[in-house]
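Below is one structure, written out as C-alpha cells, with a few remarks after it.
The values are calculated or read from the model by the stated rules, or taken from the named source; none is laboratory data. This is a predicted model, so every value here is computed, not measured. Positions of Cβ are backbone-derived with ideal geometry, glycine not excepted, and every protein chain shown enters the neighbour counts. Accessible surface areas use protein heavy atoms only, side chains included; no ligands, DNA or RNA. Shrake-Rupley method; radii C 1.70, N 1.55, O 1.52, S 1.80 Å.
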There are 2 protein chains.
Amino acid sequence: MRDLALSKAYQLIEPGPVVLLATAHRGRANVMTMSWHMMVEFEPPLIGCVVSEANYSFAALRATRECVIGVPAAGLVRKVVAVGNCSGRDIDKFSAFGLTARPANRVAAPLIADCFANLECRIADTKLVGKYDLFILEVVKAWSDPAQTKRATIHHRGFGSFVLDGRPITLKSTMR
Amino acid sequence: MRDLALSKAYQLIEPGPVVLLATAHRGRANVMTMSWHMMVEFEPPLIGCVVSEANYSFAALRATRECVIGVPAAGLVRKVVAVGNCSGRDIDKFSAFGLTARPANRVAAPLIADCFANLECRIADTKLVGKYDLFILEVVKAWSDPAQTKRATIHHRGFGSFVLDGRPITLKSTMR
C-alpha cells in the first residue's frame, strides 16, 4: 500500500462502487458491505454514508468514531457479497472470509489489504445519524495498492444483481 | 414512460450512475449533471445529494423544493458531459443540447424524456444544506421508459474520465 493524495480520494467514491467498511471496537475488528455512500466535499474529503442501526458495525462506528473504507476490485465480488450476508455478531468475518487486516496509520480500524484502495476515516458530523443513520466521515489518510492493477469495481442493483465496471471513456471536461 | 414502483427506485441510484437533475423556477427549466448522491432509505425512497451553492440549480432547488432526477444511459454520455460543463445562467440547456422536457406528474420540474428513468423528487430535509449543500430528497413518483432497453450507466472518475457499466453478474444474496 502506498500513499494516495487526499485530493484524489473522491475519484474512488464518486463512481459508486460497493465498498467494505471496517471497524474495530473492544479489541475486535469487523467488516460490512456498503453501497449507500457519496462524496460531500473534495478537500478535506468528506463522505456521507448510511450505516443502519440494524448493522452490527453501527455501534462500533458510533462509539469509536473511526472506520476504514476499502474499495474491492471485481475479483473479490464473491467475498464482498458473503461479507454482506452475515453479521459480525455471529462470526469473525476477517477470519471467516480470509480477509487480511493490516494496521492503519491514523485510526484503530484496520486496513483491508485485499482492497486496492483504503480510506482511513473519522466521523466529522453526526447531525443526521438519529434520523437517517447518515454519517459524515472525513478521510484523514488514503492508500492505494500499486500491485493491484485490475481495478474494475462492483455496483449493486439489488437482490444479488451486480454490474462490473466496463469500458472506460475519456471526454473533454472541465468538471473536476 | 411507464410507472416504476417506488420500492424499486433505489436500484437506479444505489449503483452510483451519473444523473441529470432538472429544476423549474420562474417559468424556466434547467438541468445539471450530478454524481454526488446516495440512497438514504428504501421506502419512501430518500436520496441524499450535494448540489453546490455555486450551481445555478441550487437556488431553483431550494426555492421550489422540487426536482427531477433522470438516469441517462451510456449513449447520452457526450450530452451529459456537455450539460455539466456549462451553466443555466448562460444558456437554455434543454434547447442547446436537444434534451426533451416533458411534464411531470407530481412536481413542476420537467421529466427528461431522453433518460431511461426519471424520479420526481421533493425536498424532505434541509438540515445539512447550510453546512454541506446536502439535500435529502423524497422520491414521490418514478418512471421508466420501456422503449429504452440499453441501460448501461455512466460513472465519473474525475477530469473527463468515465467508466461505463460492463458485465452484469448475479450471485446468491439476501441483501435487498
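Exactly one residue among B:ALA82, B:ALA113, B:ALA109, B:ALA117 is aliphatic (A, V, I, L, M) and without any contact (Cβ under 8 Å) to a residue 24 or more places away in the chain, and that residue is B:ALA82. Total residues in segment A:147-176 satisfying the condition of being under 15 Å from A:GLY16 (Cβ atoms), β-branched (Val, Ile, Thr) and not in a loop (DSSP other than H, G, I, E, B): the figure is 2. Could you list all residues from segment B:145-162 that are within 10 Å of chain A (Cβ to nearest Cβ) and in contact (Cβ under 8 Å) with a residue 12 or more places away in the chain? Hits for segment B:145-162 are B:ARG151, B:ALA152, B:THR153, B:ILE154, B:HIS155, B:HIS156, B:GLY160, B:PHE162. For A:CYS67, indicate whether it is within 10 Å of chain B (Cβ to nearest Cβ) and within 22 Å of A:LYS131 (Cβ to Cβ). Judged against the criteria, A:CYS67 is not a match. Within this structure, B:ASP165 passes the test of being within 14 Å of chain A (Cβ to nearest Cβ), among the acidic types (Asp, Glu) and touching a residue at least 24 places away in the same chain (Cβ under 8 Å). The residues of segment A:31-59 that are over 22 Å from B:TYR132 (Cβ atoms), open to solvent by less than 10 Å² (accessible area, probe 1.4 Å) and either in a strand (DSSP E or B) or of a type in the set (A, V, I, L, M, F, W, C) (or both) amount to a single one, A:VAL31. Is there a residue being of a type in the set (Lys, Arg), more than 10 Å from chain A (Cβ to nearest Cβ) and under 24 Å from A:GLY158 (Cβ atoms) anywhere in segment B:1-11? The answer is yes, given that some residue of segment B:1-11 is of a type in the set (Lys, Arg), more than 10 Å from chain A (Cβ to nearest Cβ) and under 24 Å from A:GLY158 (Cβ atoms). Selection of segment B:20-44 for residues being in contact with a strand residue (DSSP E or B) (Cβ under 6 Å, 6 or more places away or on another chain), touching a residue at least 60 places away in the same chain (Cβ under 8 Å) and closer than 19 Å to A:VAL18 by Cβ yields B:SER35, B:VAL40. If you go through segment B:121-144 and keep only what is more than 7 Å from every other protein chain (Cβ to nearest Cβ), over 14 Å from the mean Cα position of the chain (by Cα) and buried (at least 19 other Cβ atoms within 10 Å of the Cβ), you end up with B:ALA124, B:ASP133. Of the residues making up segment A:1-19, just one is assigned to a loop (DSSP other than H, G, I, E, B) and without any contact (Cβ under 8 Å) to a residue 60 or more places away in the chain, namely A:GLU14.
Which of (1) over 27 Å from B:GLY88 (Cβ atoms); (2) buried (at least 24 other Cβ atoms within 10 Å of the Cβ) is the odd one out, the single condition B:GLY16 does not satisfy? It is condition (1) that B:GLY16 fails.
The residue pairs whose first member lies in segment A:87-99 and is at pLDDT 95 or above, whose second member is surrounded by 12 or more Cβ atoms within 10 Å (Cβ to Cβ) and among the charged types (D, E, K, R), and whose beta carbons are closer than 6 Å, counting only pairs six or more residues apart or on different chains, are A:PHE97/A:LYS79; A:LEU99/A:ASP114. Within segment B:13-31, identify whether any single residue is hydrophobic (A, V, I, L, M, F, W, C), within 12 Å of chain A (Cβ to nearest Cβ) and more than 18 Å from B:ASN118 (Cβ to Cβ), and answer yes or no. Scanning segment B:13-31 turns up no residue that is hydrophobic (A, V, I, L, M, F, W, C), within 12 Å of chain A (Cβ to nearest Cβ) and more than 18 Å from B:ASN118 (Cβ to Cβ). Only one entry of B:LYS79, B:LYS131 meets the criterion of being under 25 Å from A:GLU138 (Cβ atoms) and not in a loop (DSSP other than H, G, I, E, B), and that entry is B:LYS131.
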